[in-house]
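Here the structure is laid out as structure tokens; the discussion comes afterwards.
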Amino acid sequence: MNSPRNKWSVLLAAAILQIAVAGSVQAQTVAIGAIVPSSGPFAEWGRSNTVTLKMLEQEVNKAGGINGAKLKVIILDDATKPAQAASSLRKLAGDEKVIAVAGPLTSSAAEVTFPVANEMKVVSMSQASSKPGVAKANRPWAFRNTIDESILAKSTVPYYKKTFDIKTVAIIFDAKDATAATVGTKIMPAMMKDNGIAIVNETDPLSFNTGDLDVSAQVTKMKSLNPDGVVLSADYSQAVTVLREMKRQGFIKPVVGATQLISSAILKAAPELPIVAPATFYASMTGGLAAPFVAELQPMLRKESGLPAEIEPSMYDANIYEIVSMYVEAAKKSGVTGKPEDLEADRTKVRDYLVKLDNFKGLGGPISFNDDGDAIKAFYVLQGQNGAWTTKVQGCSSVPGHPAC
Amino acid sequence: MLLQQLVNGVTLGAVYTLLALSFSIVMGILGILNLAIAELFMIGGYLGFAVITAHLSLPVAVAAGMAGAAAISAVIEKIGYEPLRDAPLVTPMLSTLGFSIILQNIATNMWGSDPLQLPDEFLGGRIALGPVSIGELQLIVIGVTIVLVAVMAYIVQRTSMGRALRAVAENRDVARLLGVSGSRITLTAFMMSGALAGAAGVLIAIHYAAITPYVGVEIGLKAIAVMVIGGTSRIWGALLAGPLIGIAEVLTVAYGGSQIRDFVVYGFMIAILLFRPQGLLGGSGADQGQRV
Amino acid sequence: MSTYTASLLADVGILTLGALSVYVILATGQLSLGNAGFMAIGAYLASYLTVVAGVPLTSALVIAALCSGIIGVMIGFPALRLKGIFLAMATLGFGEMIRSLFLNLEITGGAGGFHGMAHVSVTYVWIWVGLILVLVWLMESSRAWLEMRAVADDETAANLIGLNTTMTKIGAFGMSAAVAAVSGGLFAHHHVYIEPGNFGFERSIDFVLAVILGGSTIGAGSLVGAALLVLLPEQLRALDDWRPAAFGALLIIVLLIRRQGILDRSLLRRFTFRKQAA
């Protein structure tokens, strides 16, 4: 009769012991979460993000960790599915007790994940989302280490106009991609008007869908309207298709777009076609912390089995590196303990530190955040041609004179 | 511009034709939708890429794409279809979906998720015909498509294998009584279907010069629409329906409707199903659709 | 229960409803590959009602279900002309058309998506799932269900013995559309943001997959299938880069081992029998 009860008490004791052990281990580590798309259509970005974060984790721990505690970065794959990104945040914040979360990557995922961040009261910061207003709608816990496309376009378009003497443009965009569609239907048309550039297909928007192979009809149509230049609003992997078709049809005109265009892949699509786009980081960037970052990360990326052999660190790798570095700095300077009982306080400390962040040393220059939760940081208007990006204009996503610029 | 757009439409249509034919061989004989065809197309494209960048000729690339895709298709038939032959049609359809997920994953892990691009030197020249400019590769795409459709039509209508295929399509049990091995014919049908998808993949990859692991998804759904419009049991139907849809798409874009393009294509497909269920060229119709 | 588990359970509930919407049509022998279209209608309509018109959620879901049901009936009439895989392809086209429609519909945000919904708890989701499961269970033991099965087994024979096969098939379409709409409305209010990309072919296929994997001969099968589809990818995280392939392989294996689905009546009887014995 007594034996089952005995068994239970032994089990109970073991459980208590386990909790105690776990507790003491947890006190020595500070956990930071990350949500990246390691499978699905953006697998490459998620996988290189993962390598970047593992590198950073090692760096931080080699340098003594966070106030004596070890840094642990817990990375979850969202398979490029918004619902999985949101449940990943719940897992990281609820089960893994992280002090802050880096990611998710896409705007679609950020739209469903940021509200969860507010519900759970934990910082979530996207490394790539640039669809206007996504963080703004989910204050105070949502942040993005990116600049809103409407701010970037204010520097990109005047440079584009001046350099190529543009008076008319045709606009083409990816209608299925929320960011690209917003840029193509709202931001760019307004910006063209502000700069006195006529849109030849103003009443007749030209679009294609993510995954479309054939855009010959759209390009033929643009060619027949004979504009001075082309606004191409799409993610670079889709933009490649349009650029190739332009090249095939001999429609060689300067192209302008948003940050989504920045990648080394796009330069191979049609090297003779000049491409103008803004970026906060690119692999061949010189000066500051960027070059050592690339030098350290690139060989690691190229060694990784699931990644192509000639891969370069992307802007999203730089952004997520900065995000977790900011969290580490916040944890160090605001006295995050990593103890389970301090979790809520720790999370608030990280957020408050970010809000007041001043002059954080990012890879491309100092970083702070505006009231919308978007980054104030230096950016560059790049021109890509003949296989390389070159910086043409340096800008900053805030009023001139701000310390971050 | 109109003439140029028609050329664009016909090229796109040629690719639809090949893929639609690939769907309809399995569909016409076995009545199942092989959802992995879109991925066989994708794998064919990557194989073609590999051959072309190794500086081998286009025919070799097409052959490699066809052989590779046919081999994978055979595996799909053996594992995913044959054991489920007697199950309701929806079951083997979902097992082919499993293969499509696996193939996408393999391609992502092997070649990355970013577009793989063909170097400039392989882009090919252009021929100007008055106001219209046609790429050499466009002509090749259209030419190879016509040849392949003709070969398929010949095989299905004139050879003993074709007769066996049609017999199994008509009635598997009766065919067996007549000494036709159902399982062998099924395997043949899957391999022929795979080879066509592979050929389409190579042509597309080289013509558009960029490919990703997800390249087959959208075009695969469109090809299903083309198959329906052409009629699932008529080889030549696909040759008519492919360019028809290609041109319909291109003209929708040209005359201001690029955003409603998919709406038009699928609307057209539903209209055909409702009002001419046997497809444009006739043949056995939707009223005989097998049970799911 | 951790919030992570809760959100997965909510996803299971939403997918269960989507699967049930396919199950109801499948009971009459028809396959729908476009139910994500009805889900989209429900999601957008319910969200528009709660966010813009200020209608309470439960009423909004009921209205969305009714409207979608009516659309389902309207679609059902022309669909009568089609059978088997041809009907499946027509529904596929319908689903893609609806997605394309919302992509271009400005009042619901187009490609930019729609937000502003209030988050609903997992409990609320499961009250709906429970209600609809009970409804389906009641139906399964009704005369109407026998008629549906008769239509599925042999439509001509069903006609000959005087069953109204037209009414049965159209009724199934209407009910299916209504259930899918509830699934969509709950999805929208659980994730508090929707965009047309949420409701593509992949979603329609997920519904079918849940029914077939879980068991297509019994309503509770949809629940089992949905749980499998949501929870399995979470269990495969250790496989990293090969997670999707492992999922695909397991999918094929389950189909090969249990083509009738994981749950069927004989399995259910065995379980209940054992429970009584114990």
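The values are calculated or read from the model by the stated rules, or taken from the named source; none is laboratory data. What you are looking at is a predicted structure, and each value in this text was computed from that prediction instead of being measured. Here the Cβ is made from the backbone with ideal geometry for all residues, glycine too, and neighbour counts use every protein chain on show. Side chains included, ligands, DNA and RNA excluded: accessible areas come from the protein's heavy atoms. Shrake-Rupley method; radii C 1.70, N 1.55, O 1.52, S 1.80 Å.
Observations on the structure shown:
- The lone exception for A:Glu329 - which of (1) open to solvent by 10 Å² or more (accessible area, probe 1.4 Å); (2) in contact with a strand residue (DSSP E or B) (Cβ under 6 Å, 6 or more places away or on another chain) it fails: (2)
- Verdict on A:Val230 being over 27 Å from the mean Cα position of the chain (by Cα) and among the aliphatic types (A, V, I, L, M): no
- In the stretch A:195-214, residue farthest from B:Glu218 (Cα to Cα) [restricted to those that are away from chain C (no Cβ under 14 Å) and touching a Pro at 6+ places or on another chain (Cβ under 9 Å)]: A:Asn195
- Condition broken by C:Asp240, with the remaining ones in (1) surrounded by fewer than 22 Cβ atoms within 10 Å (Cβ to Cβ); (2) touching a helix residue (DSSP H, G or I) at 6+ places or on another chain (Cβ under 7 Å) satisfied: (2)
- Screening the candidates A:Leu92, A:Leu105 for the property of being touching a Pro at 6+ places or on another chain (Cβ under 7 Å), surrounded by 24 or more Cβ atoms within 10 Å (Cβ to Cβ) and either part of a helix (DSSP H, G or I) or in contact (Cβ under 8 Å) with a residue 60 or more places away in the chain (or both) yields one hit, A:Leu105.
- Test: residue in the stretch B:232-253 that is of a type in the set (Gly, Ala, Ser) and within 11 Å of chain C (Cβ to nearest Cβ): no
- Check on A:Ile172, of a type in the set (Val, Ile, Thr), crowded, with 24+ Cβ neighbours inside 10 Å, within 30 Å of B:Ile247 (Cβ to Cβ) and modelled with pLDDT of 95 or more: yes
- Number of positions in the stretch A:41-65 that are over 16 Å from A:Ala318 (Cα atoms) and open to solvent by less than 10 Å² (accessible area, probe 1.4 Å): 2
This table checks each residue for (1) assigned to a loop (DSSP other than H, G, I, E, B); (2) among the small types (Gly, Ala, Ser).
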{"site": "A:Lys72", "(1), (2)": "no, no"}
{"site": "A:Ile75", "(1), (2)": "no, no"}
{"site": "A:Ser88", "(1), (2)": "no, yes"}
{"site": "A:Thr113", "(1), (2)": "no, no"}
{"site": "A:Met125", "(1), (2)": "no, no"}
{"site": "A:Ala128", "(1), (2)": "yes, yes"}
{"site": "A:Ser155", "(1), (2)": "no, yes"}
{"site": "A:Lys161", "(1), (2)": "no, no"}
{"site": "A:Ile166", "(1), (2)": "yes, no"}
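- Among the candidates A:Glu59, A:Glu111, residue that is more than 10 Å from chain C (Cβ to nearest Cβ) and of a type outside the set (A, V, I, L, M): A:Glu59
- Residue check, A:Lys253 open to solvent by 10 Å² or more (accessible area, probe 1.4 Å), in a helix (DSSP H, G or I) and free of Cβ contacts under 8 Å to residues at least 40 places away in the same chain: no
- The single condition among (1) open to solvent by 20 Å² or more (accessible area, probe 1.4 Å); (2) modelled with pLDDT of 95 or more; (3) within 24 Å of C:Ala36 (Cα to Cα) that C:Ser216 does not satisfy is (2).
- Within the stretch B:107-154, the set of residues being more than 8 Å from every other protein chain (Cβ to nearest Cβ), open to solvent by less than 40 Å² (accessible area, probe 1.4 Å), over 25 Å from B:Phe190 (Cα atoms) and touching a residue at least 24 places away in the same chain (Cβ under 8 Å) comprises B:Leu118, B:Val132, B:Ile134, B:Leu137, B:Gln138.
- Every test in (1) farther than 22 Å from B:Leu33 by Cα; (2) open to solvent by less than 10 Å² (accessible area, probe 1.4 Å); (3) modelled with pLDDT under 90 is passed by B:Ile229 save one, and that test is (1).
- Filtering the stretch A:130-149 to residues that are open to solvent by less than 40 Å² (accessible area, probe 1.4 Å) and not in a loop (DSSP other than H, G, I, E, B) leaves A:Asn138, A:Ala142, A:Phe143, A:Arg144, A:Glu149.
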